[in-house]
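These notes are about the structure you will find just below.
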Amino acid sequence: MADYEKYKNKERKTNHMNISISGTGYVGLIQGVGLAKLGNKVICIDIDNEKVQKINRKEAPIYEKGLSALLKQTVGKNLKATTNLKKAILSTNITFVCVGTPSMVYGRIKLHEMERICHDVGEILKEKKTKHVVVIKSTVLPGTTESTVIPNLENASGKKFGKDFGVVMNPEFLREGSALEDFFHPDRIVLGSSDPRSIAAVKQIYSKFKCPIIETKFKEAEMIKYAANSMLATKISFINEVGNICKRMGIDTNTVARGIGLDYRIGPQFLVSGIGFGGSCFPKDVLALVHKSLELGYHPRILRAVLDVNKDQPLRFLDLVEESLGGLKGKRIAILGLTFKAGTDDVRESASLSIIKEFIMQQAKLYIYDPMGMPPVKTLFPHLNYMKNAQEAVDQSEIVCILTEWPEFKALNYGTKMVIDGKNIFDSDRRPQNYQGICW
Ligand code: UGA
């Protein structure tokens, strides 16, 4: 019996697996905590010692609903964090690779962290007697697992993929703010590999999940992730484009979105118009796919348009504010919301920041509040006015801009101040007295 089969049978009996997670950022930490909650023994690995210590003290290094509570339940029991990659790999059978793949200019993704980790894991596999499976969770362009991951592992270990170790591409579909909910209740799980035994090993980890598990080739799994994010981003830019037309015609885009979303072929999700999509995923992933496509000699017109509409959407918002005030210079403006969406402290690619930059250029006076996003923005713009609470920002200003859909912004006293909403936060019968939506 191959090592690998023995290992599978042993795991079946104990009903838990020994899993390491390399890269304890957003994706890795949720994966680690989620798998530990399901009863697996999990070791999270990171090069950042401070983060490792924090996790071991049961403190969440990022804000995410439910994360703190789950860390308290699992750390010290079946979850721990370490900087020692070697020990972690040698004492586990499966390693999830969850390192970042950030964009360079023009969208090409940086693979240096992925290359480093595959090389380092490969060196350790050289010494490992039992079979190990490496699972790629990081978002990588189609072809990367075969052109970069496997060669790095093989070169460093002197071993052969398929025979001596396994590799699976298993993209993640977690949304920030509801990542744990998404982890425990996925719509589908995608497992891509050319080695059926690698897939079988990873499938076991997900045996408790009720959703369909799709088995694919490496490239298909990689592409599913990019195509899913591109489709969702397309829906948003589509409804923003429809919304920009509606606004000019005095039509409420929300009613139109509801009217089309009830058609089951269209669906209601991701049809909320506003200041455009942000975050660390949609802007980066659509751009990376555009870049790859251009490299291959195909001009991706729809995806280019999705990015163009999204880039311009904050400008639509600025136009509305400028029109309402008759100019921006010296005007007192409340900024409610900095994060790219509610439920997170993440401000990466936030449309709010593009809007703030423009206001600063136009010499407006800003009164800023966000329940979670102020610390990271203070480091970028230390000299701005950060308010203690949202009401204070409203009270200081002559116009209010709603740029993140934090629920607390619905309950403020806006009086007769003009409120410009870029995130569609109010029910139509509960809007402030003086109110305009970006597309409604
Ligand atoms: C997105 C995907 O939804 C996840 O499935 C995926 O795993 C993740 O990217 C990733 O690739 O890691 P996320 O970036 O956390 O997740 O956030 P979303 O909830 O998708 O929102 C993205 C942006 O679109 C936000 O700025 C949000 O405000 C905006 N949005 C979303 C709209 O403007 N309208 C909508 O109807 C929905």
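The values are calculated or read from the model by the stated rules, or taken from the named source; none is laboratory data. This structure is a prediction, so every number in the text was calculated from the model and none was measured. Every residue, glycine among them, receives a Cβ derived from its backbone with ideal geometry; neighbour counts consider all protein chains shown.
General observations
- Matching residues, the stretch 66-107, being in a helix (DSSP H, G or I) and more than 22 Å from residue 177 (Cβ to Cβ): 85, 86, 87, 88, 89, 90, 105, 106, 107
- Note on the stretch 240-260: among residues that are in a loop (DSSP other than H, G, I, E, B) and not aliphatic (A, V, I, L, M), the one that is farthest from the ligand (Cβ to nearest atom) is 250.
- Condition check for residue 190 on (1) away from the ligand (no atom under 16 Å from the Cβ); (2) in contact with an Asp or Glu (Cβ under 9 Å, 6 or more places away or on another chain); (3) outside any helix (DSSP H, G or I); (4) not basic (Lys, Arg): one failure, at (1).
- Count of residues meeting criterion [surrounded by 20 or more Cβ atoms within 10 Å (Cβ to Cβ) and either without any contact (Cβ under 8 Å) to a residue 40 or more places away in the chain or within 16 Å of the ligand (Cβ to nearest atom) (or both)] in the stretch 152-166: 4
- Conditions (1) out of contact with any Gly (no Cβ under 7 Å at 6 or more places or on another chain); (2) at pLDDT below 95: number failed by residue 93: (2)
- Residues satisfying the stated conditions in the stretch 261-291, i.e. within 16 Å of the ligand (Cβ to nearest atom) and outside any loop (DSSP other than H, G, I, E, B): 261, 282, 283, 284, 285, 286, 287, 288, 289, 290
- Restricted to strands (runs of 3 or more DSSP E) entirely inside the stretch 312-403, no element has at least 2 residues that are surrounded by fewer than 21 Cβ atoms within 10 Å (Cβ to Cβ), at pLDDT below 95 and of a type in the set (Gly, Ala, Ser).
- Qualifying residue in the stretch 70-87 (condition: in contact with a strand residue (DSSP E or B) (Cβ under 8 Å, 6 or more places away or on another chain), over 26 Å from residue 126 (Cα atoms) and among the small types (Gly, Ala, Ser)): no
- Taking each residue of the stretch 176-205 that is in contact (Cβ under 8 Å) with a residue 60 or more places away in the chain and looking for partners that are within 16 Å of the ligand (Cβ to nearest atom) and in a helix (DSSP H, G or I) with beta-carbon atoms closer than 6 Å, six or more apart or interchain, yields 179/30; 183/30; 183/34.
- Residue match in the stretch 420-436 (condition: part of a helix (DSSP H, G or I) and among the β-branched types (Val, Ile, Thr)): no
- Residues of the stretch 88-115 satisfying the condition of being in contact (Cβ under 8 Å) with a residue 12 or more places away in the chain and either loosely packed, with under 15 Cβ neighbours inside 10 Å or in contact with a Pro (Cβ under 9 Å, 6 or more places away or on another chain) (or both): 91, 102, 103, 106, 108, 109, 113
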